[in-house]
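Contents: one structure, followed by commentary.
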Amino acid sequence: MGMKPIPIEIERNLKLIIRVIEIELAFRQDSDNPVTVKSLVEVSGMSERSLREWFKLYTGLNISEYINRRKREYGARIFCLFPDTTKQEVADIIGLSTSHALYPFMRRGGILDMNKLRGNQLNNDLVQLPFRQERLLDCILLYTLEETLYKLCADPQYETSHWDKIEQFVKSNFPAALKVADVGFALDKYVENKIEEGIFISGVLYRNLFASKLSKGFREEIGWKNIPGGKYAVFTFMGDYDGLSSFYQSVIFTILQSHDLKMVKSSLIMEKYINSPVDTPTEELITEIWVPIVS
C-alpha cells in the first residue's frame, strides 16, 4: 500500500508549521514562550489530532522528534564553530536543564562523541579578514514563511517572490515603517553534514514598525520577529554567493583569533545585501556579514 497522498492545502499548512518551528528555534528570543503543539495548532487552523497525524506522515517524525532533531543540529553547529564551548553552554542555548542531559539527548540523534564535532568546519588555510564594528538599533524582521533551500536563493526571481512581496505588504499596511536592509540568515544542517541543503530565512529589517501593530495571527504568508539591537563585527564580501561558504570560515577564524571580540554564540550571523543579482553582475555583488559580538 502506498503512502496516503497529502492534500495541497494540508501540505501548505505543514510547510508553514515547519517554517514557524524553524524561526522559533533559530532566534530563541522567546525562551519564556517556547514553541508548543498548542501554538502550532493555532497557526495551522487544524485540530491537534489532524496536525499530529499529517505532520508525522509528511516528515516521518512527530512534532517533538522534529524539534529535538533541529535542537541537536544547533548544538552541533556551536561545537563545530566554537571548539572552546563547554557542554553546559550548549545545553543552555538549546534549552536543556543541565550539561548531564546533553549527552543522552545528542546520543538519541546518533551523535555519540560530541568532541569529534569540535572545529571540524575549519581548515588550516584560513586568513584573518578586515572588519569594522557597528551597532544595530532595535528592528523588526519581516520574513516569508515558505521553506527555502540555499540553491533556490541565487535565482533573481527569488527577490521578486520574497523581498518584493514583503516590501509591498509593508507599503500597503505600514507606510510609516522605515526600511533598514534586505537580509538573510543561513541555517546549516551540521548533524547530517548537508550544509548545502540548509534552510534560508530571507527578510527585510524595519524600524518605526512596532510589534503592537502586528497581530499574533499574522502568519498567512509573512511572519515577523523582534531583532534586538546590539553590536556587530561587519565583514564585506564581493562576488558570487557561491563563495560565501568559504568566506564564512575565514570570518569565524578571524573572530576566534581576536582577543578583543567574542561572538554571541546563541545568535545567528546575518547577511546584509548591498546590491542585487537582478541588476548587478555576480562578480560585483556585495554582501556584508554581520556577526553579533560582545567586546
query = Consider S246 against the criteria (1) over 23 Å from E167 (Cα atoms); (2) at pLDDT below 90; (3) outside any helix (DSSP H, G or I): it satisfies all of them except one. Which criterion is unmet?
reply = (3)
ask   = Which numbered condition trips up L261, out of (1) open to solvent by 30 Å² or more (accessible area, probe 1.4 Å); (2) in contact with a strand residue (DSSP E or B) (Cβ under 7 Å, 6 or more places away or on another chain)?
value = (1)
Enumeration of residues in the range 249-292 that are of a type in the set (G, A, S) and either part of a strand (DSSP E or B) or under 30 Å from S161 (Cα atoms) (or both) = S266, S267, S276
inquiry  = Tell me whether the range 55-63 contains one or more residues that are under 27 Å from I18 (Cα atoms), over 23 Å from the mean Cα position of the chain (by Cα) and touching a residue at least 24 places away in the same chain (Cβ under 8 Å).
reply    = yes
Whichever residue in the range 273-290 is open to solvent by less than 50 Å² (accessible area, probe 1.4 Å) and touching a residue at least 60 places away in the same chain (Cβ under 8 Å) and, among such residues, is farthest from L136 (Cα to Cα) = P277
ask   = Does I78 qualify as being open to solvent by 30 Å² or more (accessible area, probe 1.4 Å) and at pLDDT below 90?
value = no
ask   = So how many residues does the range 97-147 have that are more than 20 Å from M263 (Cβ to Cβ), surrounded by 12 or more Cβ atoms within 10 Å (Cβ to Cβ) and either in contact with an Asp or Glu (Cβ under 7 Å, 6 or more places away or on another chain) or modelled with pLDDT under 90 (or both)?
value = 7
key: Residue check, I6 modelled with pLDDT under 90 and closer than 29 Å to I293 by Cβ   = no
request  = Kindly check whether there is at least one residue in the range 66-78 that is over 30 Å from K262 (Cβ atoms) and among the aliphatic types (A, V, I, L, M).
outcome  = no
message = Taking the criterion of being modelled with pLDDT under 90, of a type in the set (D, E), under 20 Å from the mean Cα position of the chain (by Cα) and buried (at least 17 other Cβ atoms within 10 Å of the Cβ), would at least one residue in the range 189-203 satisfy it?
response = no
ask   = Which one of L57, L40, L61 is surrounded by fewer than 18 Cβ atoms within 10 Å (Cβ to Cβ) and outside any loop (DSSP other than H, G, I, E, B)?
value = L57
task = Return the pairs, sorted by first residue and then second, in which the second residue is open to solvent by less than 20 Å² (accessible area, probe 1.4 Å) and among the charged types (D, E, K, R), the first residue lies in the range 64-79 and is under 21 Å from T36 (Cβ atoms), the beta carbons are less than 9 Å apart, and the residues are 6+ apart or on different chains.
result = R70/E22
Matching residues, the range 159-178, being buried (at least 17 other Cβ atoms within 10 Å of the Cβ) and among the aliphatic types (A, V, I, L, M) = I166, V170, A177
ask   = Among the residues of the range 228-242, how many are open to solvent by less than 20 Å² (accessible area, probe 1.4 Å) and farther than 21 Å from V294 by Cβ?
value = 1
request  = Go through the residues of the range 211-220 one by one and say whether even a single one is in contact with a Gly (Cβ under 8 Å, 6 or more places away or on another chain), at pLDDT below 85 and not in a strand (DSSP E or B).
outcome  = no
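The values are calculated or read from the model by the stated rules, or taken from the named source; none is laboratory data. Worth saying up front: this structure is predicted, and the values here are computed from it rather than measured. Because the Cβ atoms are built from the backbone with ideal geometry, glycine has one as well, and the counts that use them run over all protein chains shown. With ligands, DNA and RNA removed, areas are computed over all heavy atoms of the protein, side chains included. Shrake-Rupley method; radii C 1.70, N 1.55, O 1.52, S 1.80 Å.
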